[in-house]
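Structure first, commentary second.
Nothing in this text is a laboratory measurement; each read-out follows from the coordinates by a stated rule. All values derive from a computational prediction rather than experimental measurement. So basically every Cβ, Gly included, is an ideal-geometry build from the backbone, and we count neighbours across all protein chains shown.
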Amino acid sequence: MGELKLMKGNEALAEAAIRAGVDGYFGYPITPQSEVIEYLMAEKPYERTGMVVLQAESEVASINMLYGGGGTGKKVMTSSSSPGISLMQEGLSYLAGAEIPCVVANVVRGGPGLGDIQPAQSDYFQSVKGGGHGDYRLIVLAPSSVQEMSDFVPLAFDLAFKYRTPALIISDGLIGQMMEKVELFDQMPRLTDEEVIKRHPWATNGKPVRGERRILTSLDLDPHRLESHNWHLQAKYKTIEENEVRFEMLHCEDAEYIIVAYGSSARIAQKSIQLAREKGIKVGLLRPITLWPFPKKPIDELTKRGIKGFLSVEMSAGQMIEDVKLVVEGRTKVEHFGRYGGVIHSPEQVLEALEQKIIGG
Amino acid sequence: MTEEIIIAGFGGQGVLSMGKILAYSGIMQDQEVSWLPSYGPEMRGGTANVTVIVSDERISSPTLTAFDTAIILNQQSMDKFEHSVKPGGVLLYDPNGIIHHPKRKDIIIYEVKAAKLAAEMGNTKIFNMVVLGAYMKIKPIVKLENVIKGLKKSLPERYHKLIPLNEDAITMGMNNVTKI
């Protein structure tokens, strides 16, 4: 068993970055995410593993530092909260286009605009539908506990490098600020320069002795070549959709109704389900762990099984519900419930919405 | 067993650290724990609160509206959380600075004069540990030995010499809690 600690979600993410053998973290402080860079600065990983920790001059600078560092095949990471992540969208589009692996963490807060500093889940569209320009996707992982804030860092890097694409970890102020028991994984070594060269033949880490010059760019002025590049990207995204869907199902075996919720809403919904079952309401939870690729198959199977209704619970005005509806295709009822702008719904409010919108509605 | 607690008071009273010690003690005895503070503008305004859950099972929602126990350390928190105690639940408070005392009849109310006791012990900083002691007497969910273990683990080495004082404060709280 690994080391047990009581940690904030943000701290667990930072510690996991060190232990995952990350080469460089480039970030800019913003509430409710600042503990990530604070923890890294206090922990001095450059003394532990040689990992670089740098406070960039802005979020725009940090995402472009990921382009540079990731382009050399190094494991690089940044984190921010909603307004900062918005600033990074151009960079993310370039990273996706140039197929540079990296990990970005978003500890979401209320919006739009500068918004507030309380938890929200209103960056779903930005995360899974693009955010930046062009036909690209990010692999999006949604932790719902402090343990997963730790575990998803190495997972995000594995996926990012396996598919040469940026991966996003999306949590929120609640997961970031709360403390829970976390079992830390053992320190993984950082790759040596030789190992990086051997493992990542695409990386631009010096003039190759033989073979062609390597260029990482998202620019190609020949539309036919750019279309081929897009075909290649789409084929890659299809492979990811086929192989990397992750989700969790709780109390679904006998369920007549399903709550679909991710991250902190999934935690709140578990309490609502407990309260509902005490009243004899058979309701289960489907928790998407990857928001993209979205778990379409389990929703389709549940629909075929005759589920009487889905309630999409999210701290937003209703974003993920669109993806649920795309799978259900009108075969059964799909409704949304959620507080937003930094307000967290209570387990009782979720239960009430289930009773009114799905069961009674 | 699942115990859902809210601890609420002024910033600087040690509300958050008391919750942290409780959570650490839970880990020491192999339980699941969650600790969710109020943060942001609310906290900067002077009041602080923390939701702590200690359970034998996987914890569902870390954010709650009804609690098994409310530990209340100022009037604002009394106004806000007296009605959040589940029927049959426990409300523990320090009467110091309380103008409107709790009125509910369907909960069990305890008081501990922690501010006074801590002052008598010559160190107002151990106030929160007196309160913790009172709570541990009412609800022996975490064992004293595990609290000490938790303190050792969460405090930097240079503060370990203060552990015996904290232990005394806990005992003081345990011996001076009264049911209203």
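A few remarks follow.
- Gyration tensor verdict on the range B:115-180 (Cα atoms; rounded if a/c is under 1.5, prolate if a/b is larger than b/c, oblate otherwise): oblate
- Global size of chain A: 20.7, 71 Å for Rg and Dmax (C-alpha atoms, Rg to one decimal, Dmax whole).
- Candidate cross-link partners of A:Lys308 among the lysines, defined by an alpha-carbon separation under 18 Å and a same-chain spacing of 8 or more, comprise A:Lys279, A:Lys282, A:Lys296, A:Lys297, A:Lys325, A:Lys333, A:Lys357.
- Here the relative contact order of the range A:99-186, from alpha carbon pairs under 8 Å that lie six or more residues apart, stands at 42 percent.
- Mean separation of Cα contacts under 8 Å (6+ apart) over length of chain A, as relative contact order %: 18
- For the range A:8-19, 3J(HN,Hα) computed residue by residue from phi via the Karplus equation (6.51, -1.76, 1.60; θ = phi - 60°) reads 6, x, 4, 5, 5, 4, 5, 5, 5, 4, 5, 5 Hz, glycine and proline entered as x.
- Among the lysines of the range A:3-194, pairs that are 8 or more positions apart or on different chains and have alpha carbons within less than 27 Å of each other number 16.
- A cut-off of 5 Å between modelled amide H atoms, ignoring neighbours fewer than 5 places along the same chain, links B:Ile109 with B:Leu91, B:Ile180.
- Prolate/oblate/rounded label for the range B:2-179 (Cα gyration tensor, a/c 1.5): rounded
- With 0.36 nm allotted per residue and the present C-alpha distance subtracted, the A:Met1-A:Glu244 stretch has 84.8 nm of extension available.
- Each label was represented as a point 7 Å from its Cα along the Cα-to-Cβ direction; for A:Ile215 and B:Met1 these points are 6.8 nm apart.
- Taking the number of Cβ atoms within 10 Å of each Cβ as an exposure proxy, the fewest-first ranking of B:Trp35, A:Trp292 is A:Trp292, B:Trp35.
- Per-residue ³J(HN,Hα) for the range A:290-297, Karplus 6.51 cos²θ - 1.76 cosθ + 1.60, θ = phi - 60°, Hz, x for Gly and Pro: 9, 7, 9, x, 6, x, 6, 4
- A simple rule links phi to the HN-Hα coupling: the Karplus curve 6.51 cos²θ - 1.76 cosθ + 1.60 with θ = phi - 60°, which for the range A:100-105 gives 9, x, 5, 10, 10, 10 Hz, with x for Gly and Pro.
- Other protein chain C-beta atoms within 10 Å of residue C-beta, averaged over A:169-181: 5.
- Amide hydrogen neighbours beyond the local backbone of B:Ala48, cut-off 5 Å, H modeled: B:Gly9, B:Phe10, B:Gly11
- Taking the C-alpha atoms of the range A:229-340, convex hull volume expressed per residue in Å³: 109
- Nonlocal amide H pairs with A:His336, under 5 Å, H built at 1.01 Å: A:Ser312
- Taking max minus min of the alpha-carbon positions on each principal axis, the range A:3-194 gives extents of 39, 39, 28 Å, largest first.
- Choice from A:Gly84, A:Gly330, A:Gly73 with maximal GNM fluctuation in chain A (Cα, 10 Å cutoff): A:Gly330
- For q = 0.10 Å⁻¹, Debye-computed log10 I/I(0) when each Cα of the range B:1-106 counts as one equal scatterer: -0.27
- Estimated from helical segments only, the mean residue ellipticity of chain B at 222 nm is -11000 deg cm²/dmol, where each DSSP H run of four or more residues counts as -39500 (n - 2.57).
- Of A:Phe294, A:Phe161, A:Phe247, the one that fluctuates the most in a GNM where chain A has Cα springs shorter than 10 Å: A:Phe247
- For the range B:66-108, the equivalent ellipsoid built from the Cα gyration tensor has semi-axes of 16, 10, 9 Å, listed from largest to smallest.
- Using a cutoff of 8 angstrom between alpha carbon atoms and counting only pairs six or more residues apart, the relative contact order for chain B works out to 23 percent.
- Helical contribution to [θ] at 222 nm, DSSP H n ≥ 4, -39,500 (n - 2.57), averaged over chain A, rounded to 500: -12000 deg cm²/dmol
- Shielding of peptide A:264-275 by partners, expressed as the average count of other chain Cβ atoms within 10 Å per residue Cβ, is 3.
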